[in-house]
1. Might you work out the accessible area of Leu101 for me, using a 1.4 Å probe with all protein chains in place, and round it to the nearest 10 Å²?
2. What angle do you read, to the nearest 10 degrees and between 0 and 90, between the alpha-carbon axis of helix 39-60 and the longest principal axis of the chain?
3. Through the Karplus equation 6.51 cos²θ - 1.76 cosθ + 1.60, θ set to phi - 60°, convert the phi angles of the range 32-37 into ³J(HN,Hα) values in whole Hz; use x for Gly and Pro.
4. Under the rule that a partner needs its Cβ under 4.7 Å from the first Cβ, which Cys of the chain have none?
5. With an 8 Å cut-off on Cα pairs and a minimum separation of 6 or more residues, tell me the relative contact order of the range 1-137 in percent.
6. For all pairs of alpha-carbon atoms in the range 1-134, what percent lies in each bin of width 10 Å, listed from the first bin to the last filled one?
7. Apply the Karplus parameterisation 6.51 cos²θ - 1.76 cosθ + 1.60, with θ equal to phi minus 60°, to every residue of the range 9-14 and state each ³J(HN,Hα) to the nearest whole Hz, in sequence, with x for glycine and proline.
8. For the chain, set up a GNM with springs between Cα atoms under 10 Å and report which of Glu164, Glu75, Glu90 has the largest fluctuation.
Amino acid sequence: MIDWQKQIFDKYQRKNKILFDKQNLLIMQLQQRLNSYDRKCVTFWALSLANEAADFLSAKYPQELQFIKTVQICEMWAKGKCKMPQAKVEILACHHLAKSLPICDDCLAHALAQACSVPHTVKHAIGYPIYELSSLIYRYQWEEAMVMVEERASDYHRLLEKSEQLKNTIEWAQFITKKN
């Protein structure tokens, strides 16, 4: 068993809900990669992932509009078309809704909310894979889940490259583009 797999297996055995953390080797590699990109790229990446999660959850729960609403409001926030308090209300509503879902969807809804928080600070970006990869473990049998996790981790890296190319297709809010 690879080290990162042992780390999550141990958490799974202890019945932890979130199986990945910032000390997980797979997550650490992704965090290093995220650190090499600018705020526009990471925000584009996170909102792209949030859209994927919203589409998946909305298809599974068609009566529930919160997932799409959260992403739409947070995209508007990142573009400067609404303010943080409005986005915060939707993000918190998504986190609250997550608690009522089965664990695999609970984790994915929390991932969506983490991704939607990235306009506030890119530090939230790593929350998406921490939660989404945990959801994959609960969604699939162990061996299949390991394959899915590795494939998804590769997807994150590919999507970062694509986001770097597409980040300037958005008219970002000033708080996203300003230099610190």
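The values are calculated or read from the model by the stated rules, or taken from the named source; none is laboratory data. All of these numbers come straight from a predicted model, not from anything done at the bench. Every residue, glycine as well, gets a Cβ built from its backbone with ideal geometry; the counts of neighbours run over all protein chains shown. These accessible areas exclude ligands, DNA and RNA; they are computed on the full protein's heavy atoms, side chains included. Shrake-Rupley method; radii C 1.70, N 1.55, O 1.52, S 1.80 Å.
1. 30
2. Helix 39-60 and the main axis of the chain meet at about 60 degrees.
3. Ordered by residue, 3J(HN,Hα) equals 4, 5, 4, 4, 8, 10 Hz.
4. Cysteines of the chain left without a disulfide-compatible partner: Cys41, Cys82, Cys94, Cys104, Cys107.
5. On the way: 169 pairs, mean separation 39.4, N = 137.
With pairs under 8 Å counted, the relative contact order is 29 percent.
6. Histogramming the range 1-134 at 10 Å steps yields 13, 42, 33, 11, 1 percent.
7. Each residue's phi maps through the Karplus curve to give 4, 4, 5, 4, 4, 7 Hz.
8. Glu164
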